[in-house]
Amino acid sequence: MIPGVDGRDIEAILAPQGARRQPLAGFDDDYADIVDYILRCTFRIWEQKDVGLIETHYAPDCPIHLMSGEAAGLQGVIDGTLRTLGGFPDRTLIGEAVIWSGDEANGYLSSHRITSTGTNWGGSELGPATGRRVAFTTIADCLCRENLIVEEWLVRDNSSIVWQMGLDPVSVARAQAEMDRASSASPAAWRVAAMDRVRSTPVSGFPNGSWPDIMRNPESWAAAFVDRVLDHRRFSLLRDIYPPNVRVHAPGGRELFGHGEALGWWTALLGSFGNARVRADHISHQPRADGGLEIALRWELAGTHDGPALYGAPSGRDCYVLAVTHWRVDAGRVVEEWTVFDEIALLRQIEGGL
């Protein structure tokens, strides 16, 4: 079993790991497994500020998928890292989970959940320096082959950062949208293509029957979550998978507890985009040392902003969401959930940007 993150001290994670625990053709010799690779190179690049190491750990044409736009190329990764460090130069990253899948031949896909802390000493894409201390969640899904990240899907709780900076998320998004409209009169081609991809996913029949066994077949279970709960709006089924004391961490730094708040969050999100379709992109899962399970689901949503529940008066604009959800499973039920997407980018779309 490849060691996970939970319960391991950073000194133990960064200590030499000895012999390889899984096949890693082409990877540097000091990486013992894919979890070790992700944690160790992240620490070197961000904590030790060895930004140049990106040159040996990202493919030259690596595509980066974000809700604020698509990017490709090594220099873009380096520039983005420098901009983030410029705004939060003391940023500290604490790895909370690396939920992986794949193999040496096809590549390993890691879903790396991080809690970051830092002080906003410099200007950033979110606004001018405020001197405020922030903490936020990021999830990076990375496809890795031969020591290189060859594709990445990055989601960050930017609205939580903005709130903690003392700024208004709508005002920040509106300013970004104004710049978008000044340069283009129509939605970006990448976003149109993403929404078309989601909307072209075949619609399933009305889902009935029992849930797949989450411990025996977590991939089928996660696919059923998207189909039954999100795409068919059967929110009451969440009571089958959540215990009464479930904890849900949602965008904007929302901390939710129990059935009522958890069901209310999902209902409000989908109710804000009444015709939304939801598509599962990738599912990973790994056992936990305590006998439980970790599951990672990357998903997309495309819908029209026609409800006022979360994001203000309906704008009638088509919107796209790229999100990752992590679940911690104990005794066959989800005891904790993290869902991350960029609400600033979503508000920017609602304001007529991107």
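Total residues in segment 1-59 satisfying the condition of being within 25 Å of His285 (Cα to Cα), among the aromatic types (Phe, Trp, Tyr) and in a helix (DSSP H, G or I): the figure is 2.
Against the condition modelled with pLDDT under 95 and among the small types (Gly, Ala, Ser), how does Ala296 come out, does it pass? Step through it out loud before you land on a result.
On the way: modelled with pLDDT under 95: no; among the small types (Gly, Ala, Ser): yes.
Judged against the criteria, Ala296 is not a match.
Quick grid of which residues meet (1) crowded, with 21+ Cβ neighbours inside 10 Å; (2) under 14 Å from Arg156 (Cα atoms); (3) outside the structural domain of Thr56 (by TED's automatic domain parsing):
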residue: Leu66; (1), (2), (3): no, yes, no
residue: Gly73; (1), (2), (3): no, no, no
residue: Val77; (1), (2), (3): yes, no, no
residue: Val98; (1), (2), (3): yes, no, no
residue: Ala105; (1), (2), (3): no, no, no
residue: Leu109; (1), (2), (3): yes, no, no
residue: Arg113; (1), (2), (3): yes, yes, no
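Checked against the criteria, Gly353 does not count as part of a loop (DSSP other than H, G, I, E, B), touching a strand residue (DSSP E or B) at 6+ places or on another chain (Cβ under 8 Å) and either assigned by TED's automatic domain parsing to the domain that holds Thr115 or more than 23 Å from Trp100 (Cβ to Cβ) (or both).
Being surrounded by fewer than 23 Cβ atoms within 10 Å (Cβ to Cβ), under 24 Å from Leu126 (Cβ atoms), touching a Leu at 6+ places or on another chain (Cβ under 8 Å) and not assigned by TED's automatic domain parsing to the domain that holds Val155 holds for only one residue in Ala323, Ala280, and it is Ala323. In segment 167-175, the count of residues that are surrounded by 17 or more Cβ atoms within 10 Å (Cβ to Cβ), modelled with pLDDT of 95 or more and within 20 Å of Leu85 (Cα to Cα) is one or more. The C-beta contact set for segment 285-297 (first residue in the same structural domain as Arg328 (by TED's automatic domain parsing) and within 13 Å of Ile2 (Cβ to Cβ), second residue polar (S, T, N, Q) and at pLDDT 95 or above, distance under 8 angstrom, 6+ apart or interchain) comprises His285/Ser101; Glu294/Gln286.
Residues are listed down the side, and each one gets a yes or a no for (1) buried (at least 19 other Cβ atoms within 10 Å of the Cβ); (2) hydroxyl-bearing (Ser, Thr, Tyr); (3) closer than 29 Å to Trp327 by Cβ:
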| site | (1), (2), (3) |
| --- | --- |
| Gly123 | no, no, no |
| Gly131 | no, no, no |
| Ala135 | no, no, yes |
| Val150 | no, no, yes |
| Asn158 | yes, no, yes |
| Ala185 | no, no, no |
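The residue pairs whose first member lies in segment 14-33 and is closer than 11 Å to Ile2 by Cβ, whose second member is outside any loop (DSSP other than H, G, I, E, B), and whose beta carbons are closer than 6 Å, counting only pairs six or more residues apart or on different chains, are Gln17/Asp36.
Within segment 206-233, restricting attention to residues that are part of a loop (DSSP other than H, G, I, E, B) and touching a His at 6+ places or on another chain (Cβ under 7 Å), which residue is surrounded by the most Cβ atoms within 10 Å (Cβ to Cβ)?
Within segment 206-233, the subset part of a loop (DSSP other than H, G, I, E, B) is 206-217, 232-233.
Going one step further and asking which of them are touching a His at 6+ places or on another chain (Cβ under 7 Å), we end up with 206-207.
Details: Phe206: 7, Pro207: 14.
Ranking the qualifying residues of segment 206-233, first place goes to Pro207.
Among the candidates Pro314, Pro308, the residue that is in the same structural domain as Arg199 (by TED's automatic domain parsing) and free of Cβ contacts under 8 Å to residues at least 12 places away in the same chain is uniquely Pro314. Note on segment 128-185: residues that are part of a loop (DSSP other than H, G, I, E, B) and more than 14 Å from the chain's Cα centre (by Cα) total 13.
Test Ile139 against the stated conditions and say whether it is of a type in the set (A, V, I, L, M, F, W, C), in contact with a Lys or Arg (Cβ under 6 Å, 6 or more places away or on another chain) and not assigned by TED's automatic domain parsing to the domain that holds Arg254. Give the derivation first.
Values: of a type in the set (A, V, I, L, M, F, W, C): yes; in contact with a Lys or Arg (Cβ under 6 Å, 6 or more places away or on another chain): yes; not assigned by TED's automatic domain parsing to the domain that holds Arg254: yes.
Yes.
The values are calculated or read from the model by the stated rules, or taken from the named source; none is laboratory data. Everything numeric in this text was worked out from a predicted model, so none of it was measured. Cβ: placed from backbone, ideal geometry, glycine included. Neighbour counts: every protein chain shown.
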